[in-house]
Amino acid sequence: MASTDFDAEIRQLTATMKTIGQVLDLDAMRTEIADLGEQVAAPDLWDNQENAQRVTGRLSTLNGEMERFTSLESRIEDLSVLVELAQEEGDDETLAEAEMELGRIHKSVESLEIRTLLNGEYDAREALVSIRSGAGGVDAADFAQTLQRMYVRWAEQHNYPVEVFETSYAEEAGIKSTTFAIKAPYAYGTLSVEAGTHRLVRISPFDNQGRRQTSFAAVEVVPVLEQTDEIDIPDEEIRVDVYRSGGPGGQSVNTTDSAVRLTHIPTGTVVSCQNEKSQLQNKASAMVVLKAKLLALKKAEEKAHLDEMRGDVQASWGDQMRNYVLNPYQIVKDLRTGHESGTPQAVFDGDLDDFLEAGIRWRRGAEKAEAN
């Protein structure tokens, strides 16, 4: 155990937590929690359900962040006491346990530190994720569905709710496109680094000659809008089409023309929704998605970073941001950050946190370099 300088490690962790606390502005957070608590206690809170949901949701988020911070502080203090007692008694077994806990705390602090980097205008929002198959035929459609499952599994591992708005199935296998929301604080800031072209290399299960196939899929991530966001869309700029919802194999979701497709004529932006039985509900959900995409487009154009925010890519050779190689070797590698994993199946099963953290750090570095 002599190889681990616990005192130095704990001092560094304490210093890092102090910096994180300053960035999070804990005093302001406590003040806001107290104010929101008073609003929640008001007897007329639920007279306005939308405001009540906003207030209770914000309070829950802040309480969660505060608990996460204070819990980590307590773990560091407990570790310090544990190490001191074990060193006094020469208890190597307890010191071994302390070293494992030290590693776990380091990981937790790094994860919390990432949260402080999510300070963009919309980073705290929920995320709308759209995936579409690109070059590669049926393999690309299958890959697009694999990516959808990957993000859903990631959300499930973190207990984040997912709402699927629309899925367009391909004829043979997989999907042509899908749009779904991941409903969690900072989901947009976290997942926005996933926007771009993803490339898969594998022996195609759809090729009877067993040849290696390269396929592509595009991922777009935009923030979910709130009522305070200003985005006005004149009725004459929207074309509304209704059609019958359908699933894989041609099975109908229902027997009425309840699915809705909205086209924003000036920009050519198209969104669809078919998850509800009611045409009116589907239209309302589609408007949520359309407004979110148009707001992202507007902000991106203002900053001259359209590709960055919309993930507006061709999903083909030359513009991929991550490679998933299953043959002749197995590796997942992010081409921007250099981060990689030798276990693609774990990544496809939702093990994305390391890639997301690397992406967030890379983005912050790129922003700082651009500012200078």
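Ala140 - would you say it is open to solvent by less than 10 Å² (accessible area, probe 1.4 Å), at pLDDT 95 or above and either over 22 Å from Ala286 (Cα atoms) or among the aromatic types (Phe, Trp, Tyr) (or both)?
Working: open to solvent by less than 10 Å² (accessible area, probe 1.4 Å): yes; at pLDDT 95 or above: yes; either over 22 Å from Ala286 (Cα atoms) or among the aromatic types (Phe, Trp, Tyr) (or both): yes.
Judged against the criteria, Ala140 is a match.
Is it true that Lys298 is modelled with pLDDT under 85, of a type in the set (D, E, K, R) and in a loop (DSSP other than H, G, I, E, B)?
Working: modelled with pLDDT under 85: yes; of a type in the set (D, E, K, R): yes; in a loop (DSSP other than H, G, I, E, B): no.
Spelling it out, it is not the case that Lys298 is modelled with pLDDT under 85, of a type in the set (D, E, K, R) and in a loop (DSSP other than H, G, I, E, B).
Would segment 222-239 turn up any residue that is among the aliphatic types (A, V, I, L, M), assigned to a strand (DSSP E or B) and either surrounded by 12 or more Cβ atoms within 10 Å (Cβ to Cβ) or at pLDDT below 85 (or both)? Before the answer, list the steps.
Pass one, segment 222-239, residues among the aliphatic types (A, V, I, L, M): 222, 224-225, 231, 233, 238.
Checking which are assigned to a strand (DSSP E or B) leaves us with 222, 238.
Keeping just the survivors that are either surrounded by 12 or more Cβ atoms within 10 Å (Cβ to Cβ) or at pLDDT below 85 (or both) gives 222, 238.
Yes: one or more hits.
Here are some residues: Ala141, Ala217. Which one is under 23 Å from Val325 (Cα atoms), of a type in the set (Gly, Ala, Ser) and part of a strand (DSSP E or B)?
Numbers: Ala141 fails: part of a strand (DSSP E or B).
Answer to the check: Ala217.
If you take the residues of segment 195-215 that are in contact with a helix residue (DSSP H, G or I) (Cβ under 6 Å, 6 or more places away or on another chain) and hydrophobic (A, V, I, L, M, F, W, C), which of them is modelled with the lowest pLDDT?
Among those that are in contact with a helix residue (DSSP H, G or I) (Cβ under 6 Å, 6 or more places away or on another chain) and hydrophobic (A, V, I, L, M, F, W, C), it is Phe206.
Any residue at all in segment 317-332 that's under 21 Å from Val201 (Cβ atoms), at pLDDT below 85 and small (Gly, Ala, Ser)?
Narrowing segment 317-332 to residues under 21 Å from Val201 (Cβ atoms): 317-332.
Still in the running and at pLDDT below 85: 317-320.
Now drop any that are not small (Gly, Ala, Ser), which leaves 318.
Within segment 317-332, one or more residues are under 21 Å from Val201 (Cβ atoms), at pLDDT below 85 and small (Gly, Ala, Ser).
Looking at segment 155-172, is at least one residue open to solvent by less than 10 Å² (accessible area, probe 1.4 Å) and of a type outside the set (S, T, N, Q)? Walk me through how you get there before you give the answer.
As a first pass, look at segment 155-172 and keep what is open to solvent by less than 10 Å² (accessible area, probe 1.4 Å): 155.
Right, trim to of a type outside the set (S, T, N, Q) and you get 155.
So far as segment 155-172 goes, yes, one or more of its residues are open to solvent by less than 10 Å² (accessible area, probe 1.4 Å) and of a type outside the set (S, T, N, Q).
Are there helices (runs of 4 or more DSSP H) fully within segment 1-107 with at least 3 residues that are under 26 Å from Asn119 (Cα atoms) and among the charged types (D, E, K, R)? List them.
So the answer is 26-41, 49-89.
Which condition number does Asn275 fail, the rest of (1) in contact with a helix residue (DSSP H, G or I) (Cβ under 8 Å, 6 or more places away or on another chain); (2) modelled with pLDDT of 85 or more being met?
(2)
The values are calculated or read from the model by the stated rules, or taken from the named source; none is laboratory data. From a predicted model like this one, the values you see are computed outputs, not experimental measurements. Neighbour counts run over all protein chains shown; Cβ positions are idealised from the backbone, glycine included. In case anyone asks, the SASA skips ligands and DNA or RNA and just uses the protein heavy atoms, side chains included. Shrake-Rupley method; radii C 1.70, N 1.55, O 1.52, S 1.80 Å.
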